[in-house]
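Input: a single structure, listed below in structure tokens.
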Amino acid sequence: MGVGIKSRIATLRLREQFKKYNLAILLIVFIIVASSLSNKFFTISNLFNIIQQSSVVGIITLGMTYVILVAGIDLSVGSTAAFSGMVSTILISQHLPVIMSIVVAIFAGAIIGLINGWFSSYGGLPSFIVTLATMVAVRGATFILTNGTPIYGLSSGFTFIGTGTIGQFPISGAIWIIITLVLLIISKYTGYGRNLYAVGGNPEASYLSGIKVNFVVLIAFTISGILSAFAGILLASWLTVGQPTAATGVELNAIAAVVLGGTSLFGGKGGILGSFIGVLLMAVITNIFNLVGLGSYYQSVFMGVIIVGALMMNKYLVGEKS
Amino acid sequence: MGVGIKSRIATLRLREQFKKYNLAILLIVFIIVASSLSNKFFTISNLFNIIQQSSVVGIITLGMTYVILVAGIDLSVGSTAAFSGMVSTILISQHLPVIMSIVVAIFAGAIIGLINGWFSSYGGLPSFIVTLATMVAVRGATFILTNGTPIYGLSSGFTFIGTGTIGQFPISGAIWIIITLVLLIISKYTGYGRNLYAVGGNPEASYLSGIKVNFVVLIAFTISGILSAFAGILLASWLTVGQPTAATGVELNAIAAVVLGGTSLFGGKGGILGSFIGVLLMAVITNIFNLVGLGSYYQSVFMGVIIVGALMMNKYLVGEKS
Amino acid sequence: MNKDILSMKSVTKCFPGMKALDNVDFSVCYGEVHCLIGANGAGKSTLMKILTGVYSRDSGEIVFKGNKVNFSSPREARQNGISIIHQELSLVDNLSVAENIFLGQNNNFKTVNWRHLYNESRSVLQSIGMSTIYPKELVSNLSIGHRQIVELAKAVALDAKLIVMDEPSATLSGAEYATLVRVIRDLQRKGVSIIYITHRLNELFDIGDKVTVLRDGKVVATQRLTDTNHDELVFQMIGKKVSNQKVIRNSQVDAQRAVLEAQSISTKVIKQLNIKLHAGEILGLYGLVGSGRTELLRVLYGIDQPSSGRVLLNGQPVKLKSPRAAIKKGMALVPENRKLQGVILGLNIWMNATVVPSRDFVKYGFLRISDIRKQVGGMMKRLNIKASSSNTLVGNLSGGNQQKVVLSKWLLKKTSIFLLDEPTQGVDIGAKEEIYRLIYSLASSGNSVIVASSDHEELIHLCDRILVFYDGEIVKEFIDLDEASAKILESAVVGR
Amino acid sequence: NNVSTPASNSSSSGGTNSTSSNSKKLVIGFSQVTLQSPFYVSIENAAKAEVVAKGGQVITTDAENDIQKQNNDVQDLITKGVNALIIDPVNPQGIAPALAAAQKAKIPVIAVDRPAEGPIVTFVGRDNEKMGELAGQEAVKLLGGQGHAKGLVIEIQGAAGDKVMMARRDGFDKIVGAESGVKIIHSPYCDYIRSKAVAAMQDLIQKYPNVSLVYAHNDDMALGALQVLKQYHLDKKVKIVSIDGLTEDIKAIMDGYANATVLNDPQYEGKLAADTAIGAINGKTYPSYIDAGTTLVTSTNASKYYNPSNVFASYEPASK
Ligand SMILES: Nc1ncnc2c1ncn2[C@@H]1O[C@H](COP(=O)(O)OP(=O)(O)OP(=O)(O)O)[C@@H](O)[C@H]1O
Ligand SMILES: Nc1ncnc2c1ncn2[C@@H]1O[C@H](COP(=O)(O)OP(=O)(O)OP(=O)(O)O)[C@@H](O)[C@H]1O
Ligand SMILES: O[C@@H]1[C@H](O)[C@H](O)CO[C@H]1O
Ligand SMILES: [Mg+2]
Ligand SMILES: [Mg+2]
């Protein structure tokens, strides 16, 4: 009997351990599967390729993570990315200095984030609907900018950010990793980071404890706006074109990655590192789909099945009850 | 002082009254504005036209309302509609009887709803991610059905449902209104309906009180699946073609209408009648945009602004604190 | 000997890293009121959750009405005739009182007869003597005490054979407690068995037939209440003698200095209230459920704005627009609703304890995490918080231990005016003494404290002065606490 | 040269009062499949410019690729009162309710760019299968000539289920598939969008580093593929053939990065549709199909079509 209980406690302990690293384990499993499906998968160039491809949605996902941590959601990230991408490329095509164009475009993203954040906090509206509205409105504004026409002929100083490499390593990937680290440190080791979790976990208790709940939410959305803007600029730089249709639907990928990464849509639980891995997971899946040449209709079906499957498996292994 | 308090109480009363009818009032305001913007607006044919146009998204919105009442969300409604639309038209083009084809297609929708519901309740996953996955997967499956080609040449027995009228009144509109009434009655006067609100308001308390929380959620999603399927069939019947791309993005319109209609995304508050009006509100807005000939990019911008504006105004008038 | 309606044998339950129940034997006779006591975290709630199908047990056996049972959900337990009032309130806020009373009794496939529902609710409320609660009222509009009453009505409405009450009296004051006792007697007369959990040991002798004491997940004793006494129970609970002599303090009220003052404050609930809190003073607020104590504290703390009147701090009028503003002025609030307002269940102990923004916790913009954890660890020892470490999630703590975490966040913040709303609700007797000692030392070092409590003995024991609330007004002030112990109950009930 | 370009903005909009006396004025409703792609914006702009030049007005709606919305849009245009409709349908069959409503209101309908099934005056468009064939013939030439052609071809496809995509695929595959030395790899659908083509190409290049030619269903995707090829320094080795005549692609052909494109001038198509609509209002009759014409552009004739102030190269069939 005593032995039974001890082993039970041990199992529970093991599960706790597993809970901590489950995502990394999942990623490794996926990588092993992918490698066995195609010998092209585990090559330096393909791996760097995956990182390059993930960096835009990866950066958006980081901002999304902060927003979801405070129990919000940001559907406008794709539109914001497109808007800022257009703004930067328009300015550059008007021969403004690259840096200045980028700064203005990021500023535009910050404003959109502020608007989202204000209405979702001080304004007291659900962020889902606020950002749905800005998603639609900002996309419209993006088309108005150039009447729907893309901007080509960008300076190589600009396109370098998105297409360049350090050695073989893509610069955009490096930027993504750096931003990940910064946001990770903020979330773990600063007051603002702690407040993110508190506000997401229990806004009322946080308010009564003197946390500026609305302000914390406002900033989370602003960060999301800024990062989306930056991602949009990176995308334009990578594609060497400013496109008003860019990044359509990216919000869903970002949200999926955040959830796969273990952050709760109800706020207060999860974190940056999980989202980073979540993005990589999704990228590995699409990459291997393409490498094995799976037809695109089937890709959709499998993608859906794999997402739910991975979450269920994780849930089962971690042994959580609903 | 006494007078001050009396008038204050009167204001509060007024607000309570207003709270009850605020949506209807909002709709009337919109209608008045619309009528003053175009003399074509307030004509029988245009009004019936609006009802006809709204019926598909209207029916989807009803199911969405149940799902949101239990604090879930269903992103897969558009894919389900397309899938069932395709299934019904494929069967009809194989010369199966219309009724039977419709039954099979609705059954398919019910299955998708059951899957969504199971994973979101018994499975313990957030419905956002579950239905995001089915949204992608079911759309893929829809394309697989006919390798992406639409189905046309449907029997007039089938197309009558979507295109026919009673007098001048569109049949599809009548169907929408009947389903609204049925769901309204269920939500107000049956045990299931009351349990919807309880589960949405506090799932834990509901569980502890012996409500079959998972079952209630499962059924809500199943109803959403069934109604989406039906809406998809209606759409195919109206367009006289089964299209794999049909109803893309309709989930966002439905959610916006539900929220405009006063149902809380956190569950437990709101209801069917609000959603009905919410759909009409949105339809009036797009209709008047087209009647005044507002450019499409500007339509997007205005749509976003109006949604947030209407919600803020409502909030302010109802005098709610965040 | 009476036959057993319930017998639980060798029940064991583990949580990650700990054993919550260790071979527990527990049985209840037909028609018996069986009390269950133990320090915070002893396993009382866990045992009841296993009984009612909320948790599954690791091993052991449960026999109910002669049958082996294994409820896999609360629903099954209810269908078999067991109802429970959980320690944490479980009502649906945005539904009416009536719907909450009959929550879980709706058949999904049947229609709802609203008139019938309201009538039934009215008669249930009447039967427990609380017809002042209106069945159509939304629960979100009720004070926490009234919610507790609705919970009682809900448990009664089920027609159960066994009712578990997990700390039903924690926020009830004298009159409502009397109602509770009467309801229990009625039920007992009808042959219903009751398991009663409380930290107010006096209550046991009012209503209990037998008592079982749990300590660290083990049964220490089961005995008839006539065969034991207060001190013995305390000894059994905490395993050591508590010095019977109450903590004595020499109060050092500076009656010349009013640190906090409210002048004719009114809101929807309270009317023209005037109070003064002096430096070094412990001021008690007593009253029936819904009398307006919480409402006053909310105004003082800047949560609600008064419709008239003003608040003065150290003689200066202030307008506190938010709790944050109040905190900046040196105020602290321990709210009455721990789960919704006090703790953040998904965060661990140290994060909860340091959730109040403070310069002390940061250096160069970064959190001094190791220092913070050291401080929190000290506080955990001081308050005897039962947890494996400060990394434990607060959601996994027992109710009383959660309450201690809420207290610790203000002790760490070092404020000067403490507003405590039911500060010892759910706290065990050992820790209660510790909290009293803390409040004393706060006051004697010049801080001021307002305690709103439903436990008049607690107030008499703690305070320098007690104000009695009745229907939003202060109807009595007791400076002589001996007089208070004789008259305070009456005064709260009759409003004079 | 044709008008179009960003400057001639969506001027009919701005919430101006609806013209109540439309009997006197020429008002044409244009239901566009989408305004989120320059190709369709150009058609619309050109049509509008043409009508305005003739003293009329165009009211445009944007179906946002949603067939249901398009039917609603057309219904609204009819309610508003237009003399003729130009429709670029999301789908040839799904537009039936709108066509029925137009017929009832006795409003002539011109389909542009994509065919429509039902009571319409005529369809102004191009033969996309033929465009695929032209691309295919050039591809065969680039790969070694008929009967000798050799190599691996990656075909980047348009939008799943779309008629245009199928025609461009079928035309190309018919020609190139006949070459035994050539193998065609169909890539995932990239929806005519550059970023999707980039991502797909990046993955494909891992698997098929020995690719000899890329055929893209439009220039935007071809340019995406080109970018990836540049990154892997394969741009001079791998041939690129595509469709549309995007000025940026013409430039790439002139610079030797891309090899050929098949013209698909939206400006001319739009102008032609507008002229036809005006004719229809005045009772003129038309054959059921009006071909807007196409031609192949390679390095030999690219400079002739290069005009940096246009988004797309202009082309009018000589026969007209
Ligand atoms: N879900 C859980 N996960 C992990 N540990 C838990 C969980 N629930 C309870 N515990 C632990 O089990 C022990 C017993 O808790 P329980 O709630 O039964 O105590 P209690 O006797 O009811 O105390 P209190 O008087 O404070 O309510 C506590 O140490 C608690 O931390
Ligand atoms: N938002 C509200 N709307 C309507 N009535 C309210 C609202 N909030 C509180 N009340 C009522 O005001 C009264 C005073 O409540 P308060 O919480 O201050 O009482 P209390 O003395 O602290 O009692 P308790 O012990 O129940 O907490 C209660 O009767 C309550 O029902
Ligand atoms: O060629 C055109 C354009 O490239 C457009 O982007 C998609 O549809 C095709 O007809
Ligand atoms: Mg307990
Ligand atoms: Mg209170």
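The values are calculated or read from the model by the stated rules, or taken from the named source; none is laboratory data. What you see is a predicted model, and the numbers here were worked out from it, not measured in a lab. FYI the Cβ positions are ideal-geometry reconstructions off the backbone, even for glycines, and counts take in every protein chain you see. For accessibility, only protein heavy atoms count, side chains too; no ligands or nucleic acids. Shrake-Rupley method; radii C 1.70, N 1.55, O 1.52, S 1.80 Å.
In terms of overall dimensions, the stretch D:24-151 has a Cα radius of gyration and Dmax of 18.1, 64 angstrom.
How large is the convex hull of the Cα atoms of the protein assembly as shown per residue, expressed in Å³ as a whole number?
Hull volume normalised by residue count: 191 Å³.
Counting every C-alpha pair in the stretch C:105-219, the share spaced more than 16 angstrom apart comes to 65%. Accessible area of residue C:461 (1.4 Å probe, protein heavy atoms only, ligands and nucleic acids ignored): about 50 Å². Taking only protein heavy atoms and a 1.4 Å probe, the accessible area of the stretch D:147-220 is 56% carbon and sulfur. Computed over the Cα atoms of chain C, pair by distinct pair, the Kirkwood hydrodynamic radius stands at 23.7 angstrom. Surface listing: D:126, C:215 arranged by accessible area from highest to lowest gives C:215, D:126, probe 1.4 Å.
Compute the whole-percent fraction of alpha carbon pairs in the stretch D:116-186 spaced more than 13 Å apart. When every Cα pair of the stretch D:116-186 is considered, 66 percent fall beyond 13 Å.
May I have the convex hull volume per residue, in Å³, for the Cα set of the stretch D:227-320? Intermediate results must be reported in sequence, preceding the final value.
Numbers: hull volume 10.3 nm³, N = 94.
Measuring per residue, one finds 109 Å³ for the Cα hull of the stretch D:227-320.
Quick check: the angle from helix A:191-201's long axis to the longest principal axis of chain A, C-alpha only, nearest 10 degrees? Approximately 70 degrees, to the nearest 10.
Panel note: contact residues of the stretch A:226-256 (accessible area lowered by at least 20 Å² against the chain on its own; 1.4 Å probe) correspond to A:238, A:239, A:240, A:243, A:245, A:252, A:255, A:256.
For the stretch C:194-241 and the stretch C:379-416, what is the separation of their Cα centres, given in Å? Cα centroid of the stretch C:194-241 versus Cα centroid of the stretch C:379-416: 25 Å apart. Chains B and C together bury roughly 2100 Å² of accessible area, counting both sides, with a 1.4 Å probe on protein heavy atoms only.
Only Cα pairs under 8 Å and at least 6 apart count here; give the relative contact order of the stretch A:171-322 as a rounded whole percent.
Contact order relative to length: 21 percent.
Using the Stokes-Einstein relation with a Kirkwood hydrodynamic radius computed over Cα pairs, the translational diffusion coefficient of the stretch B:189-322 at 25 °C and a viscosity of 0.890 mPa s comes to 141 µm²/s. Relative to the longest principal axis of the Cα atoms of chain B, helix B:127-146 runs at roughly 30 degrees. Descending by average beta-carbon neighbour count within 10 Å, the peptides C:447-457, A:290-300 line up as C:447-457, A:290-300, the highest first.
Given a 1.4 angstrom probe, I'd like the percentage of the accessible area of the stretch C:359-441 that is carbon and sulfur, rounded to a whole number.
50 percent
Other protein chain C-beta atoms within 10 Å of residue C-beta, averaged over B:265-273: 2. Taking the 0 to 90 degree range and rounding to the nearest ten, how far is the long axis of helix B:272-292 tilted relative to the main principal axis of chain B, both from C-alpha atoms? With rounding to tens, the tilt is 80 degrees.
Take peptides C:175-185, C:191-201 and line them up by average Cβ neighbours within 10 Å, highest first, as a rough protection proxy.
C:191-201, C:175-185
Geometric descriptor of the stretch C:132-172, per residue, is 77 Å³ (volume of the convex hull of the Cα atoms). Other protein chain C-beta atoms within 10 Å of residue C-beta, averaged over C:46-59: 1.
Rolling a 1.4 Å probe across the protein heavy atoms gives the protein assembly as shown an accessible surface of 38 Å² per residue.
Could you tell me the total accessible area buried at the B-A interface, probe 1.4 Å, in square angstrom to the nearest hundred? Buried surface at the B/A interface: approximately 3400 Å².
Rolled with a 1.4 Å probe across the full set of protein chains, the surface gives residue C:421 an accessible area near 10 Å². Compared with the rule-of-thumb size 2.2 N^0.38 Å for a compact globular protein, chain D has a Cα radius of gyration ratio of 1.03.
The share of C-alpha pairs in chain A whose separation exceeds 39 Å stands at 15 percent.
The listed residues C:76, C:32 rank as C:76, C:32 when sorted by accessible area, largest first, using a 1.4 Å probe. Listed peptides B:96-104, D:92-100 appear in the order D:92-100, B:96-104 once ranked by packing, highest mean of other Cβ atoms within 10 Å at the front. Between D and B, roughly 2800 Å² of accessible area is buried in total, ligands, DNA and RNA not counted and the probe set to 1.4 Å.
In the stretch D:182-251, the ratio of gyration radius to Kirkwood radius, Rg to Rh, stands at 0.92 when only Cα atoms are counted. In the context of the full protein assembly, residue A:160 retains an accessible surface of approximately 110 Å², using a probe radius of 1.4 Å and ignoring ligands and nucleic acids.
Heavy atoms only, 1.4 Å probe, whole protein assembly: order D:129, C:261, B:204, C:151 by accessible area, highest first.
Accessible-area ranking of D:129, C:261, B:204, C:151, largest first: B:204, D:129, C:261, C:151.
Between the C-alpha center of the stretch D:226-287 and that of the stretch C:331-350 there is a gap of 65 Å. For residue A:7, the point set 7 Å out from Cα toward Cβ sits 8.0 nm from its twins in the other copies, listed from shortest up.
The spacing between the stretch C:256-276 and the stretch B:205-284, judged by their C-alpha centroids, is 50 Å. With a 10 Å cut-off around each Cβ of C:100-112, the average count of Cβ atoms from other chains is 6.
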